[in-house]
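Inspection log for the structure reproduced underneath, given as structure tokens.
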Amino acid sequence: MTRNTEAALIIAASFLAAFGVTLVNFARGGSVDVQTSLTFLVFLITFGGLQVAVRTWAPRATPLLLAPIVALTAIGFLEVYRLDVVRAGLQRWWLLIGAGLAALVLALLSKPGTSVLRRYRNLILVISIALLLIPNLSSDWAFPLKGLEVNGSRLWVVLELGFTQMQFQPAELAKLGLVTFVAAYLADHQRALREAQRQVGPLRFPEPRQLIPLLAAWGVSVVILVWQRDLGASLLLFAGFVLLLYAATGATGYLAAGGLLALLGGVASFVMFDHVQRRVVAWIAPFENYQDEGFQIAQGLFALGSGSLAGAGPGLGRPDLIPNASTDFIFAAVGEELGFAGSVAVIALFALVVSVGLGIAFRSRDTFRKLLAAGLTFIFGIQVFLIIGGILRILPLTGITLPFMSYGGSALVGNLVLIALLLRISHEEAS
Amino acid sequence: MNGPIRRIAIGIFTAMGALLLAVTWFQVVRADDLKTDPLNPRPALTERGKERGLIVTTDGTVVARSVEDAGSRDYIREYPEGEAFAHAVGYSSFLVGSSALEATYSSQLRSRRDLTISDIVAVILGRDLRPENLEITIDTGLQLAALEALGDNKGAVIALDPRTGAVLAAVSTPSFDPNLLLGDDAAQQWETLLIDQSRPLIDRGTLEIYAPGSSFKTVVAAAAIDTGTAGPGTTFDDPNEFDLPGSTATISNFGGQACNDGVSVSLLEAFVRSCNTVFADLSIQLGAIDIAITAEALGFNTEIAYEWGIPLAVWPTDDLVGDDAALAQSGIGERNVRATPLHMAMVAAAVANNGVVTNPYMVQRIFDADGQTVETTEVAELGRAMAPETASVLAQMMERVVTEGTGRQAAVPGVRVAGKTGTATGRGDFSNPWFIGFAPVESPTIALAVFIEGSPSSGESATGGSLAAPIASELIEIWIASQS
């Protein structure tokens, strides 16, 4: 596959987004309007522009990554538009901002390469932790940067710019920074970690001293959970760290210990936090608790069942009945209106992205790049599994967004940067 | 390092596989259960928001329509005529279901958009997804007049075109405003109507059977004339009381006196004065089976294909063979004889239509969104119930009821009205007044049944002649005036 094929697929997916918007308009008795052309234009500028950036600053990058991303974004956008036209308009702005930032990352890395990230890993760690902590800033001081509590979670930051204000979740970018730090740290200490292992039964354990980074990661996750009450991000980061440690060392003990710690943390948070208890109740018995905790999950399942094989069609189902349909439950909205066919397509596209990401990691010769590509793909894949699995009752709902599909600017920007990093690694390894 | 990554990759793809399995479970295997789960609000909501067809009367009055809400863009059902058409047209409510024409013609009235991809296929194939519409035979003026005339009475009016069976008016009182059953509080409103002692939700015109009382003498007279057992001039004994065979009980006339001079009375006089003694005697002379032949030809004991399922009108032949006491009581429309007001209107219509029974109907045309006719109802004759001569003689007898008998209050100046009153045994101390009839006698264009369910508001001494006949008079006058 060549860059030109990729360009053709980007144009096709942009058409898909515009066509979806038009179908929603038809379903409402409207017709082709400014939303159609605006959507087509924004998709073309966002992803066409991103491809130009790739052609310029990472020309040897794999051409397999961008096309499935545009398709996923298009499907997600059509449902966001169907659920909330105002949010869709904001999402378009975030697409442009995200593409700009991703292009900027590609441009900045074009000279020094990704190895610069390894060199400044400690600075990246400090910045990431700072990003994680700023939502805890006071909500009512005079400083234009304020923390914000939404639905009991402190994830948001408001930046007041006088004429307008911007809200974002800094954790979305902090995630990338933390993965970068861990990948760099492990690349630097890989030999020591590998050699200092002992066999305990079927499991290979590192030296107790080497468990410190794992415990540190667990500590960060607990802090996020306690301070910001964000179960999803907490679980995501912890799982990502454990998998990276295992990838770097091959020590199965990390998986066992990580699983144990996760279980411990899970039980503790179930005992300590009633919002965790509510989620578990909703997971186990959504229909029995339909009037209360179970309502969202039950509505999500009704949406999927009502969508059946072919779906209601864009704009013709009732995904608006699901609370938070455009963020947490976008997958159920897609399932209702595009049916089983749409759901399978979405899962397949995510699997394709994950396999391309892992392929990049697989073929990387440089340890840091290998671990960075693997780590970024892990958190991407885990995130997809956590939220779709939560909707499908495989595990409790964690309130995390579906990459590229859910409404949400910070996540969109963060994920576009993630893709830019993967593309850059792919380019460097092909050079 | 690739070893662990490979194993993690296997783990991630296993997880993705689990997602595929789970989504197959919910969207394929369990899809129908979830779709129809009583907790799932979608089926009712999609039906609620969708356009339904118009129901218009033959004179062009819209009695049911869907209006698009500017905000939600959902269609909301409206019944502009409110309670006047509540039992004829019914309601279609997402919370409490549907009734009457709204229920029967649900598949024609609903939008064919089933909100799936198949809609697009249908559009490509050139099918019209918009709902179809109903044109009904009801005359709006007559319908409104009937509601008004029944007033505070519990009861029903059914008016037919005797030549075709077309329903010109179908009212049941007390009525209700079907618009109340459309809102978010529909369930509460429904509950209120359901526990109301006067039972406003019940369609007394077509869904309830009552003893027809003396109005049933029309059927017995038809059988007598048709079989040659008796004619208008045939004389009968005229006792004060008729002794029921094999019993100490007696049948007496209204007021407890003899019908005529206490010696003899003609069938015509007995019919005009509605004498029970004579008709008890005549019924025994005719026998249960001869009455059954005419009654069944008039649709008793027979399923009638109306717009919706209606109860059987009953002439219990088997119970009456060999039981003359019961037969005598049944011959005056009491005991276990039952009919709906619709059915008694059919009896009057058959006499008006030279003895031929027509099938009653309300929907005369189904038309699509462009106004093109999709289906027209064919007038259906159910058969001949009596010879034309019998019908003609009976019509003259019924005219005499109105000119000089119990139905004088049904008279309309300048119009030849024929009819028969009835005052049947009802619940408690109250009797149920009836009037069935048609007009104009020389060329009938309307046949009707007026039924009142006895209650404190109708009064203890209410009779068909005093309460039901005036309503018939009023409606016939309005109808004839509207026809000229």
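Just so it is clear, none of the values below were taken in a lab; they were calculated from the coordinates. The structure displayed is predicted, hence computed values, not measured ones. Positions of Cβ are generated from backbone atoms using ideal geometry, with glycine treated the same way; all protein chains shown enter the neighbour counts.
Quick one: compute the contact order of region A:13-166, relative version, from alpha carbon pairs under 8 angstrom and 6+ residues apart, as a percent.
That works out to 18 percent.
Quantify how much of the Cα-Cα distance distribution of region A:113-430 extends past 26 Å, in percent. Present the calculation step by step, with values, prior to reporting the outcome.
Details: 25686 of 50403 pairs.
In whole percent, the share of Cα-Cα pairs in region A:113-430 beyond 26 Å is 51.
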Which trypsin sites (Lys or Arg not before Pro) in region B:397-440 sit in a loop by DSSP (not H, G, I, E or B) and have at most 13 other Cβ atoms within 10 Å of their own Cβ? B:ARG427
Taking the reciprocal of mean 1/r across every pair of different Cα atoms in the protein assembly as shown, the Kirkwood radius in Å is 33.3
With the dipole of the protein assembly as shown defined by +1 on each Lys or Arg Cβ and -1 on each Asp or Glu Cβ, the option from A:ALA268, A:GLY335, B:ALA395 whose Cα lies farthest towards the positive pole is A:ALA268
Cα lying deepest toward the dipole's positive end in chain B, options B:GLN197, B:MET16, B:THR57, charges on Cβ: B:MET16
Let's see if you can work this out: charge +1 on each Lys and Arg Cβ, -1 on each Asp and Glu Cβ, no other charges. What is the dipole magnitude of region B:332-414 about its Cα centre, in debye to the nearest 20? 460
For each of A:MET405, B:MET397, count neighbouring Cβ atoms within 10 Å of the residue's Cβ, then give the residues from fewest to most. B:MET397, A:MET405
So for the protein assembly as shown, taking the charge dipole from beta-carbon charges (+1 Lys/Arg, -1 Asp/Glu), which of A:ALA27, A:VAL158, B:ASN153 sits furthest toward the positive end? A:VAL158
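Is the shape of chain B best called rounded, prolate or oblate, per the rule: a/c under 1.5 gives rounded, else a/b larger than b/c gives prolate, else oblate, with a ≥ b ≥ c the square roots of the Cα gyration tensor eigenvalues? Show your work: numbers first, answer last.
Details: a/c = 2.70, a/b = 2.31, b/c = 1.17.
Prolate shape, in that a/c is at least 1.5 and a/b is the bigger ratio.
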In degrees between 0 and 90, to the nearest 10, how far off the longest principal axis of chain B does helix B:288-297 point, with axes built from Cα atoms? 50
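Calculate for chain A the 222 nm mean residue ellipticity that helices alone would give, adding -39,500 (n - 2.57) per DSSP H run of length 4 or more and normalising by residue count, nearest 500 deg cm²/dmol. Present the calculation step by step, with values, prior to reporting the outcome.
On the way: 16 runs with 293 residues, N = 431.
About -23000 deg cm²/dmol.
What dipole magnitude, in Debye to the nearest 20, does the protein assembly as shown give about its Cα centre under +1 on Lys/Arg Cβ and -1 on Asp/Glu Cβ? Could you put the intermediate results ahead of the total?
On the way: 60 positive and 83 negative charges, 1706 e Å.
Dipole of the protein assembly as shown, to the nearest 20 debye: 8200 debye.
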Express in whole angstrom the spacing between the alpha-carbon centres of region B:331-350 and region A:258-281. 74
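Roughly how crowded by other chains is peptide A:306-317, in terms of the mean Cβ count from those chains within 10 Å of each of its Cβ atoms? Don't skip to the answer; put the middle values down first.
On the way: counts 13, 6, 8, 5, 4, 4, 7, 8, 0, 1, 8, 4.
Going residue by residue through A:306-317 and averaging, the value is 6.
Take A:ILE388, B:ILE202 and order them by how many other Cβ atoms sit within 10 Å, fewest up front. Please list the in-between numbers first.
Working: A:ILE388 25, B:ILE202 17.
Least crowded to most crowded, the residues run B:ILE202, A:ILE388.
Relative contact order (percent) for region A:113-430, with alpha-carbon contacts under 8 angstrom and 6 or more residues of separation? List each step's numbers first, then the result.
Details: 476 pairs, mean separation 52.1, N = 318.
Relative contact order here is 16 percent.
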Report, to the nearest 10°, how far helix B:276-286 tilts away from the longest principal axis of the Cα atoms in chain B, using its own Cα long axis and a range of 0 to 90°. 80
For region A:310-330 and region B:21-40, what is the separation of their C-alpha centers, rounded to whole Å? 15
Surpassing 29 Å at the alpha-carbon level, of the pairs A:LYS175/A:LYS370; B:LYS50/B:LYS154; A:LYS111/A:LYS175; A:LYS175/B:LYS35, are B:LYS50/B:LYS154; A:LYS175/B:LYS35
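Quick one: order A:HIS189, A:HIS427, B:HIS87 by neighbouring beta-carbon count within 10 Å, fewest to most. Walk me through the intermediate numbers first.
Working: A:HIS189 15, A:HIS427 22, B:HIS87 27.
In order of increasing Cβ crowding within 10 Å: A:HIS189, A:HIS427, B:HIS87.
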Rounded to the nearest Å, what's the spacing between the alpha carbon centres of region A:397-417 and region B:251-327? Just the number, please. 82
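With runs of 4+ DSSP H residues as the only contributors, calculate the mean residue ellipticity of chain B at 222 nm using -39,500 (n - 2.57) per run, divided by the residue total and rounded to the nearest 500.
It lands at -10000 deg cm²/dmol.
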Low-density loop GluC sites (Glu not before Pro), region B:239-319, at most 10 other Cβ within 10 Å, DSSP non-H/G/I/E/B, are B:GLU303
Taking the Cα centre of region A:113-430 as origin, sum charge times position over the Cβ atoms of Lys and Arg (+1) and Asp and Glu (-1), and report the length of that vector in debye to the nearest 20. 1220
Spacing of the two label points (7 Å from each Cα toward its C-beta) at A:LYS111 and A:LEU38, in nm: 3.9
